[in-house]
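Report on one structure; see the data block that follows.
The values are calculated or read from the model by the stated rules, or taken from the named source; none is laboratory data. Since the structure is predicted, the reported quantities are computational estimates derived from the model, not experimental observations. Heads up, the Cβs are rebuilt from the backbone with ideal geometry, glycines too, and the neighbour counts pull from every protein chain shown. Calculation scope for accessible area: heavy atoms of the full protein, side chains included, ligands and nucleic acids excluded. Shrake-Rupley method; radii C 1.70, N 1.55, O 1.52, S 1.80 Å.
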Amino acid sequence: MEKTNDSPTIWQRYPPTDNHTLQAWNAADEFLVSEYQNSYTDSKNTAVFHDRFGFLSGNIDGKKFDVIVYLKSQQKAIRINTENKGLGVNIRFLTPFDEFSGQKWEVCIIHLPKSIEMWEIYLKMIHRFSDEKVEILTGFMTRHFTENWMEVAKKYFYNVRQSKAWKKARLMTLSGKKEGADTDLQVKKLTFRETEFYQYPGVFSKDKIDDATRFLLENISLKQEEKTILDWGCGNGVIGKVLTGEDKDRDVYYMDDNIMATESVRQNIINGHIFWEDDVSLLKNVLFDIIITNPPFHFEYENDITVSLRFFEKASGHLKKGGRLIVVANRFINYKTHLVKWYEGVQIVAENEKFVVYECQNTGLNL
């Protein structure tokens, strides 16, 4: 396999990380780019899926193409890296909820997602919006692969083949669209505390309300004077909805990096402000009485708390004086050692063998 034209060292991660062992591409991305550049550059209509930081998009030269994103941070990372290469004008960003127009895709490039649900969402999109002779190149690290990915692929395509390994990465090639495949994006129904919640695939904790959120809701309640609330990393909106009951006297903001989550919130609430965003600082003029979060500490196969720490720091500037930040987290992370940098009166208000709920007071020093 030939090397790609550009040294991978120029690629940036967004959000940035303090973990210097994490990079913005892997061998599967390099394998995909090489195969595309060697065999598919004559294809007119290309789509890129699950490009984590822009390495795939940044190596498609000389043509306009579609990039399918589901994370706002992913979209920002791709913009940063492709604009640095002068390619930004060639990209049309799409989400799984966008209507499609234009020429159908002839080749699709996918970094295989960890989530089986996202994998199926991508295949449904490709089946709907691609040419009959579409070929799909999927790259993955061999250690991450299970037969489940192939089983899902065979629901939509007749031909599913794997390559030999290169630098511990492989390619899976799909072709031959199956007629009659179900390509609708299904909404699932979950029941929690006798309330029904609707959720799209690809949202954290796919089959139930996750245990950390349950523990949080068992151990906190809103004070009467807490009228302005932010549910950050909101998922399907369960925290904000359960705590407020959609009380019209309370102003609830829901924010999540994942569009599958924010579109799920739209299924579940009547009153509220919903933001598909990763950065709380974009709410420039809003101060909250309380911010509540079950923050992420991993991305795909990587563990990294940097995103959560940056949020904690920025959140202190979005709390009213005397406002509260409530955090639920796994015990082993020990967020308290970090939270005391930005908040006074950090205390553990509940804990069990798995989880801890922290309450952090804002003194107003960061306002």
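Here are a few things to note about the model shown:
- Within straight-line cross-link reach of LYS284, lysines at Cα separation under 21 Å, skipping those fewer than 8 residues along the same chain: LYS72, LYS76, LYS227, LYS314, LYS320, LYS321
- Cα centroids of region 256-287 and region 225-245: 11 Å apart.
- In this structure GLU313 has an accessible area near 100 Å², from a 1.4 Å probe over the protein heavy atoms.
- Calculated over region 72-195: convex hull of Cα atoms, volume per residue (Å³): 166 Å³
- Rolling a 1.4 Å probe over the protein chains gives PHE93 an accessible area of about 40 Å².
- Of all aspartates and glutamates in the structure, those lying under 20 Å Cα to Cα from LYS223, and not within fewer than 8 positions of it along the same chain, are ASP231, GLU246, ASP247, ASP249, ASP251, ASP289, GLU344, GLU359.
- Of all aspartates and glutamates in the structure, the ones whose alpha carbon falls short of 19 Å from that of LYS44, not counting any fewer than 8 places away in one chain, are GLU35, ASP61, ASP66, GLU106, ASP131, GLU132, GLU135.
- Between GLU179 and LYS133, the distance separating the two model label sites (each 7 Å from Cα on the Cα→Cβ line) works out to 1.9 nm.
- Taking every C-alpha pair closer than 8 Å and separated by at least 6 residues, the mean separation divided by the residue count of the chain gives a relative contact order of 12 percent.
- Taking all Cα pairs closer than 8 Å and separated by 6 or more residues, the relative contact order of region 160-314 comes to 18 percent.
- Here each label is just a point 7 Å from Cα along the line to Cβ, and for HIS20 and LYS248 those points are 5.7 nm apart.
- Counting only Cα atoms, the size of region 172-218 along its three principal axes is 50, 24, 9 Å, in decreasing order.
- Per residue, region 14-140 exposes 37 Å² of accessible surface when a 1.4 Å probe is rolled over the protein heavy atoms with every protein chain present.
- Unit charges at the beta carbon, dipole of the chain: most positive-side option, CYS360, THR195, TRP149: TRP149
- Solvent-accessible area of HIS127 with every protein chain in place, 1.4 Å probe, in Å² to the nearest 10: 30 Å²
- Formal net charge of residues neighbouring CYS108 (Cβ-Cβ distance under 11 Å; K, R +1; D, E -1): -3
- Cα centroid separation, region 105-171 to region 22-82 (Å): 15 Å
- Cα-projected label distance for VAL286 with MET150, points at 7 Å along beta-carbon direction, nm: 4.7 nm
- Region 249-359, accessible surface, carbon-and-sulfur percent (1.4 angstrom probe): 46 percent
- ARG193/HIS338 FRET efficiency (R0 30 Å; Cβ-Cβ; nearest 0.05): 0.45
- Listed residue pairs exceeding 22 Å between alpha carbons, taken from LYS208/LYS248; LYS188/LYS354; LYS124/LYS154; LYS85/LYS167; LYS114/LYS206; LYS104/LYS133: LYS208/LYS248; LYS188/LYS354; LYS85/LYS167
- Translational diffusion coefficient (Stokes-Einstein; Kirkwood radius from C-alpha pairs) of region 122-258 at 37 °C, 0.692 mPa s, in µm²/s: 178 µm²/s
- Environment charge at ARG214 (Cβ cut-off 12 Å; Lys +1, Arg +1, Asp -1, Glu -1): 0
- Shape category assigned to the chain from the gyration tensor of Cα positions, a/c cut at 1.5: prolate
- Rounded, prolate or oblate (a/c below 1.5 giving rounded, otherwise prolate when a/b exceeds b/c) for region 66-120 by Cα gyration tensor: oblate
- Carbon + sulfur, % of accessible area of region 50-174 - ligands and nucleic acids excluded, 1.4 Å: 48 percent
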